[in-house]
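Peer 1: For reference, the structure I am asking about is given below.
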Number of protein chains: 2
Amino acid sequence: MDFARKLKPHHLKLMVKISETAKLQFAADSIGMSQPAASRTLAEIETDIGAPLFIRSPKGMYPTPIGEAFVRHAQSILSGFETLESEVEGLGRGEMGEVKVGSVTGPAIRCLVPAILEIKKASPDIETTIEVGPSTEMVRRLEQAHFDFIIARLPHDYDSRAFHILPARSEVVSLLVRDTHPLAQESQVSLDDLSCYDWTIQERGSPIRSAIEEAFATNGTKIPSHITNTSSLVVMLGLLERSNTIAPLAEEVANMLTGPATGANLCTLNLDRKIMVSPYFVIMERGKQLSRAAERLLDAVLSRF
Amino acid sequence: MDFARKLKPHHLKLMVKISETAKLQFAADSIGMSQPAASRTLAEIETDIGAPLFIRSPKGMYPTPIGEAFVRHAQSILSGFETLESEVEGLGRGEMGEVKVGSVTGPAIRCLVPAILEIKKASPDIETTIEVGPSTEMVRRLEQAHFDFIIARLPHDYDSRAFHILPARSEVVSLLVRDTHPLAQESQVSLDDLSCYDWTIQERGSPIRSAIEEAFATNGTKIPSHITNTSSLVVMLGLLERSNTIAPLAEEVANMLTGPATGANLCTLNLDRKIMVSPYFVIMERGKQLSRAAERLLDAVLSRF
DNA sequence: AAGGCGCATCCCAAAAATGGTATGATGGCA
DNA sequence: TGCCATCATACCATTTTTGGGATGCGCCTT
């Protein structure tokens, strides 16, 4: 029993080669050893096993049934070693692996999607998972190690020392309307022009909602009284298409929706000021060692900030 | 490159043990070597690879992504060595081989039993081991190389790329009752007729239970309120014999129980629809080399799908 | 601050694996 | 019969591996 103890890939290769070439000399040559060495190696394995693997003939060697089984398994084991090597090397070079990131919508479109496309192009074997959701959820799941890193706002009630926080970027709000909206063609509109329209905004407490409310407040304008609350993009689009509602969205999202790809008949209002929402950050667990793959994605993301 | 050159089964075992125990000392003990030797061995492998496989913490060692990949492949390679050994030994003793399979109940009766009978008839010396249990357990044990292959459902939380998955078959549920059951003679019954009876079903989360609940839900019928939970066939039979309970079982199992062999006074209800449970598959480790005996059984099983 | 736990390192020795050259042995073939 | 191809053996030198024991170092717990 356990004759496998001593078997190194080299030995297995030899056995496979013997069965392929039927000549000890060729087999030995092909893996760079001398014929006597090969002979002895084979003999040792056979005595360990207690049975001959090849029967010798003046024309060469051919396998016994046991030898056949041995070679069959040896091939499989060797291929296991090969995939082990290639996977480990791939991981070492960061060409392979798995990255999980979470993000809020704005940067997901602006940074994450292009970054992922870049990475995938260079290393298609990297497996990426992107989840999009509110900051609080992203942070919570980061803590539970669901993500390598996230792009999100930093909730106040978290100890920021537990995280490693990378450069911030502020988000700008665009006001989206359908292109038949009365104000769509105006070269410039002010907040005062807007308060009498219907608005479709995310729920109270969301960053964009807060930014909008703050903008109206500092301007001294009455906050719009007709507001539909939803964080569902689908609902927003439905309302936008069929009414003159105004929907504030992250600039990146608005650009995507008004761009050529979607073909929707939407446009943004030219507001006379910028409305900024609280900035978002790249957040990761302090001290966590990122995988190479995650590092590469992180670099790609940061270069787009 | 080719760091695998020196790797003997011993080394692979050590790596696997380290990842299992998280303690170098325990790992070393379990394979009969001293802690310093293990430390050095690990260090050597790591420098060969050029990357750490485990990160050290005061509580022990846990694997890096590369380490995980290494261990995963190591397990597979080790299982290759094991089957190599066992097949070679078997052949050396003049035996035909050994097959170990796992299965969930339905196909065990439908496919596996006839297949084994066929194989045994042709080659009585083949030693077969069949274990029956829930899919999750079967898959877990397949990963640990306890089985040559299994017939089971594919749990969602496993990376299906790690396995080789062969054709699927859906299971149909039969509703079993005793032959004196009020509905036994009906030529056709509907779900609505059934919700007022006692049911004996497997625990929540089991595939059959889910299928039943889904059937009632889509039908808009109240789910039976009197349910006895058990996965024990014995208990089920006991209840069936002594009460008007309805027991849903895989069709194959029900057919066997209502067949002439058992002589039990049970029958199946003629439900007006088919209730399907999620399909099962033949699952094996990707790249694993089956023994001849296992191959033959697999062929016999597949021909019965 | 002390003690415990867990891994790393150093030193040393024994064993084994490796490998090469020269040479022997055997069966087939001309 | 004599030669050739093929594997086996003997002998020798070297390298690699393996292992044990003692000890150092870092971190957490008490």
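The values are calculated or read from the model by the stated rules, or taken from the named source; none is laboratory data. Bear in mind that the values here come from a model prediction, so they are computed numbers and not experimental data. FYI the Cβ positions are ideal-geometry reconstructions off the backbone, even for glycines, and counts take in every protein chain you see. To get the accessible areas, we keep the full protein, side chains included, count just its heavy atoms, and leave off ligands, DNA and RNA. Shrake-Rupley method; radii C 1.70, N 1.55, O 1.52, S 1.80 Å.
Peer 1: Among B:ASP48, B:ASP148, B:ASP179, determine the one that fluctuates most according to a GNM of chain B built with springs between C-alpha atoms less than 10 Å apart.
Peer 2: Evaluated over chain B, the most mobile residue of the options is B:ASP48.
Peer 1: Can you compute the charge dipole magnitude of chain B about its Cα centre, using +1 on each Lys and Arg Cβ and -1 on each Asp and Glu Cβ, nothing else charged? Give it in debye, rounded to the nearest 20.
Peer 2: On the way: 32 positive and 38 negative charges, 133 e Å.
So the dipole magnitude of chain B works out to roughly 640 debye.
Peer 1: Over all alpha-carbon pairs of the protein assembly as shown, lay out the pair-distance distribution in 10 Å bins, whole %, shortest bin first.
Peer 2: Taking every Cα pair in the protein assembly as shown, the percentages come to 3, 12, 16, 17, 17, 16, 12, 5, 2, 0, 0.
Peer 1: I would also like to ask the following. Taking the Cβ of A:THR245 as the center, what net charge do the other residues with Cβ under 14 Å away carry, scoring Lys and Arg +1 and Asp and Glu -1?
Peer 2: On the way: positive: A:ARG178, A:ARG242; negative: A:ASP179, A:ASP198, A:GLU241.
Its environment carries a net charge of -1.
Peer 1: Under the definition of partner shielding as Cβ atoms of other protein chains within 10 Å of a residue Cβ, what is the mean value for peptide A:68-75? Let's see the in-between values first.
Peer 2: Working: counts 2, 11, 5, 1, 7, 13, 4, 2.
Other-chain Cβ atoms within 10 Å of each residue's Cβ, averaged: 6.
Peer 1: Can you tell me, using C-alpha contacts under 8 Å and at least 6 residues apart, the relative contact order of segment A:172-278 as a whole percent?
Peer 2: On the way: 182 pairs, mean separation 52.9, N = 107.
Computed over segment A:172-278, the figure is 49 percent.
Peer 1: For segment B:170-278, max minus min Cα coordinate along each principal axis, in Å, sorted largest first?
Peer 2: Extents along the principal axes, in whole Å: 36, 27, 26.
Peer 1: What does the charge add up to near B:GLN185, with Lys and Arg as +1, Asp and Glu as -1, over the other residues with Cβ less than 15 Å from its Cβ?
Peer 2: On the way: positive: B:ARG178; negative: B:ASP179, B:GLU186, B:ASP193.
The answer is -2.
Peer 1: Using bins 5 angstrom wide from zero, how does P(r) for segment A:61-123 break down, in % of all Cα pairs?
Peer 2: Histogramming segment A:61-123 at 5 Å steps yields 4, 14, 13, 12, 11, 9, 8, 7, 7, 5, 4, 3, 2, 0 percent.
Peer 1: Please give the residues from segment B:34-67 for which the solvent-accessible area of heavy atoms, probe 1.4 Å, is smaller by at least 30 Å² with all protein chains in place than with the chain isolated.
Peer 2: Residues shielded by partner chains are B:PRO65, B:ILE66.
Peer 1: Express the carbon and sulfur contribution to the solvent-accessible surface of chain A as a percent, rounded to the nearest whole number, probe 1.4 angstrom.
Peer 2: On the way: 7580 of 14860 Å².
Taking all protein chains in place, chain A shows 51 percent carbon and sulfur surface.
Peer 1: Tell me, what does the Kirkwood hydrodynamic radius of chain A come to in angstroms if you use every pair of distinct C-alpha atoms? Before the final figure, lay out each step's value.
Peer 2: Working: mean 1/r = 0.0410 Å⁻¹.
Here the Kirkwood hydrodynamic radius works out to 24.4 Å.
Peer 1: Just to confirm a number: summing +1 for Lys and Arg and -1 for Asp and Glu over residues other than B:ILE208 whose beta-carbon lies under 12 angstrom from that of B:ILE208, what do you get?
Peer 2: Working: positive: B:ARG153, B:ARG204, B:ARG209; negative: B:GLU171, B:GLU203, B:GLU213, B:GLU214, B:GLU251.
My count for the surroundings of B:ILE208 gives -2.
Peer 1: Using the Cα centre of the protein assembly as shown as the reference point, and only Cβ charges (+1 on K/R, -1 on D/E), how large is the resulting charge dipole? Debye, rounded to the nearest 20. Provide the component values of the computation, followed by the final result.
Peer 2: On the way: 64 positive and 76 negative charges, 256 e Å.
In total the dipole reaches around 1220 debye.
Peer 1: Next up: Per-residue ellipticity at 222 nm for chain B, helices alone: DSSP H runs ≥ 4 residues times -39500 (n - 2.57), over residue total, nearest 500 deg cm²/dmol? Before the final figure, lay out the partial values.
Peer 2: Values: 11 runs with 128 residues, N = 305.
Theoretical 222 nm ellipticity from helices: -13000 deg cm²/dmol.
Peer 1: With a 1.4 Å probe on protein heavy atoms only, tell me which residues of segment A:90-108 lose at least 50 Å² of accessible surface in the complex relative to the chain by itself.
Peer 2: Checking the loss per residue gives A:LEU91.
Peer 1: Over the protein assembly as shown, average the accessible area per residue using a 1.4 Å probe and give it in Å², no decimals.
Peer 2: Values: 29500 Å² over 610 residues.
Per residue, the protein assembly as shown has 48 Å² of solvent-accessible surface.
Peer 1: Under 27 Å Cα to Cα from B:LYS13, which lysines show up? Leave out anything in the same chain fewer than 8 places away.
Peer 2: A:LYS6, A:LYS8, A:LYS13, A:LYS17, B:LYS23, B:LYS59, B:LYS100, B:LYS288
Peer 1: Using the Cα atoms as the points, what is the convex hull volume per residue of segment B:80-195 in Å³? If you can, show how the numbers build up before the last one.
Peer 2: Details: hull volume 18.9 nm³, N = 116.
Dividing the Cα hull volume of segment B:80-195 by its residue count gives 163 Å³.
Peer 1: List the residues whose amide H sits under 5 Å from the amide H of B:ILE275, counting only those 5 or more places along or on another chain, with H placed 1.01 Å from N in the peptide plane.
Peer 2: When sequence neighbours closer than 5 places are left aside, the close amide H contacts are B:VAL173.
Peer 1: To the nearest 10 square angstrom, what accessible area does B:HIS146 show with a 1.4 Å probe?
Peer 2: 80 Å²
Peer 1: Compute the longest continuous run of chain A that contains no exposed GluC sites (Glu not before Pro); treat a site as exposed when its DSSP state is not H, G, I, E or B and it has at most 14 other Cβ atoms within 10 Å. Working shown, then result.
Peer 2: Details: sites that count: A:GLU186, A:GLU203.
In chain A, the maximal stretch lacking such sites is A:1-185.
Peer 1: Determine the order of B:VAL132, A:VAL16 by accessible area, beginning with the largest, at a probe radius of 1.4 Å.
Peer 2: Largest accessible area first, the residues go B:VAL132, A:VAL16.
Peer 1: Once the cut-off is 24 Å, how many percent of the Cα-Cα pairs in segment A:1-113 end up in the long-distance tail? Spell out each step's value before the answer.
Peer 2: Values: 2674 of 6328 pairs.
Everything past 24 Å amounts to 42 percent.
Peer 1: What is the Cα centroid distance between segment A:181-229 and segment B:171-218, reported in whole angstrom?
Peer 2: That distance is 57 Å.
Peer 1: Right, another one. Give me the accessible area buried between chains A and B, both sides summed, with a 1.4 Å probe, in Å² rounded to the nearest 100.
Peer 2: So the total buried area for this chain pair works out to about 3000 Å².
Peer 1: Here is a further query. How high is the relative contact order of chain B, in percent, counting Cα pairs under 8 Å that sit 6 or more residues apart?
Peer 2: 21 percent
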